[in-house]
Amino acid sequence: MAKRKIAKIITAVTGDRIVVGEAELRHAQDHFILPVVILLELLEMVFKDPTDIFVDDLKAPKLYHLFYRLENKRFLCAVVKITSSGSFFTTIYPTGTSIRNPHKKMKRLKR
């Protein structure tokens, strides 16, 4: 099994140390036309000062935290997979002017 290349580790407001892998970061670049350095800064803002955090626990034993941040009247959603091995960034994408309806029905950690 190939070793995961780490781009950055960010401590979120939840206390989780989120591992941002290079492959996931490259995938996230498909949603934004930003240099990697700026995308990492954006991720740090979302994880450290989110508007809302939701928990998706329907895919047990994996748990997902969805970090939402309102920027310029638009929401960004960063998804983090929480496992027994740690917390891993999976993707970030814009959701427009509102939080996605299925996410609104999930347990809210922070508002």
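Beyond 29 Å between alpha-carbons counts as too far, so tell me which of 5/104; 3/48; 62/105 fall in that bin.
Checking Cα-Cα distances, 5/104 exceed 29 Å.
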Point to revise | Computed lengthening from residue 6 to residue 85, 0.36 nm per intervening residue step minus Cα-Cα distance | key: 27.0 nm
Exercise for review: Please check which bits of segment 37-58 a label hung off residue 17 would reach, taking the label as a point 7 Å along Cα-to-C-beta and the cut-off as backbone N under 17 Å.
Suggested key: 48
**Study point:** Residue-span extension gain [residue 29 to residue 108] - 0.36 nm each, minus C-alpha spacing
**Key:** 25.7 nm
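Rule-based calculations on the coordinates, nothing more; no lab input. Predicted model only: the values in this text are computed from it and were never measured. Quick reminder, even Gly has a Cβ in these numbers, built from the backbone with ideal geometry, and neighbours come from all protein chains shown.
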